[in-house]
Amino acid sequence: MIIELAANTLGRDFVVGDLHGCLNELHELLEHVSFDSQKDRLIAVGDLIDRGTHSLGCLKLLDKPWFFSVLGNHEKLLIDYMCAHKGEQQDAIARKWCSAGGEWFFELDSSLQHQCYRNAVVLPWAILIGAGQYHYCVIHAELPPEMNHLGDFLAGLQAADPLMRLSCLSGRRRHRAKYCIPIEGISYVLCGHTPGERNRELGNMLNLDYGAFTIAERGALCLFELGINRRYLLRKDGLFEQAFGAAGL
């Protein structure tokens, strides 16, 4: 599923990097930008859950009319577990998921687990949105390096092309190759999945994952304001804001 949001004529739109349960940090960033839930909207690049301390709270944001998210590989683990046959198949997914920070899910009662599943299973692969003079596509990971036109990529997602879907959820080949050819058919692709300071900008693909669950060390949570392309970073040493592309962030 791919969805397109109508232009926000009342307020502002923001995109947040991988949350990974960092709900308190998100609220701090939203307070900093004076986020107005009656007018503004927030879109996440996926991986709302695991590793941080408030996975359930982050997933429940999907109940808010102002919050949207694409599917991340961690939400896909949740879906795969709930859809798997009980027994060895489900146990194997549970072990994989727990090694990636999914232990919190197994502490929930059955009712809450099914609520989490209902929230996750309807997440789209991509969200398209316009703001000001720009058009954005939000996905979780990346386009494969052999694909440089957004329309072709989205068509592949819709057609359930396994390569396109794998790249969308967990690809890192473009990142590792430092492939900077601009993606045609869009102003910017906003994504996450790969934390770290390297290859933050590859052509017009911008990575917003700064490793929020490691804020106590060297990570950060990133909020990106559409239209003006300004980013807000919450780190252990404070909150910083700067235009995307400026040195130092």
Exercise for the section: Identify the single condition in (1) surrounded by fewer than 16 Cβ atoms within 10 Å (Cβ to Cβ); (2) in contact (Cβ under 8 Å) with a residue 24 or more places away in the chain that Pro124 does not satisfy, given that it satisfies every other one. Expected result: (1)
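Residues checked against (1) surrounded by 20 or more Cβ atoms within 10 Å (Cβ to Cβ); (2) farther than 21 Å from Phe224 by Cα:
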residue	(1), (2)
His27	no, no
Leu42	yes, no
Thr53	no, yes
Leu77	yes, yes
Cys83	no, yes
Practice task
Can you confirm whether the stretch 207-219 contains a residue that is at pLDDT 95 or above, out of contact with any Phe, Trp or Tyr (no Cβ under 6 Å at 6 or more places or on another chain), aliphatic (A, V, I, L, M) and farther than 17 Å from Leu128 by Cβ?
Solution key: no
Problem - Residue count, the stretch 95-121 (criterion: open to solvent by 20 Å² or more (accessible area, probe 1.4 Å) and in a helix (DSSP H, G or I)) - result: 18
Problem - Within the stretch 1-47, considering residues that are assigned to a strand (DSSP E or B) and touching a helix residue (DSSP H, G or I) at 6+ places or on another chain (Cβ under 9 Å), the one farthest from Pro65 (Cα to Cα) - result: Ile2
Exercise for the section: Would you check if Val138 is closer than 14 Å to Ser69 by Cα and loosely packed, with under 15 Cβ neighbours inside 10 Å? Expected result: no
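The values are calculated or read from the model by the stated rules, or taken from the named source; none is laboratory data. As the structure is a prediction and not an experimental result, all values here were calculated from the model. Cβ: placed from backbone, ideal geometry, glycine included. Neighbour counts: every protein chain shown. When the accessible area is computed, the model is the full protein with side chains, heavy atoms only, and any ligands, DNA or RNA have been set aside. Shrake-Rupley method; radii C 1.70, N 1.55, O 1.52, S 1.80 Å.
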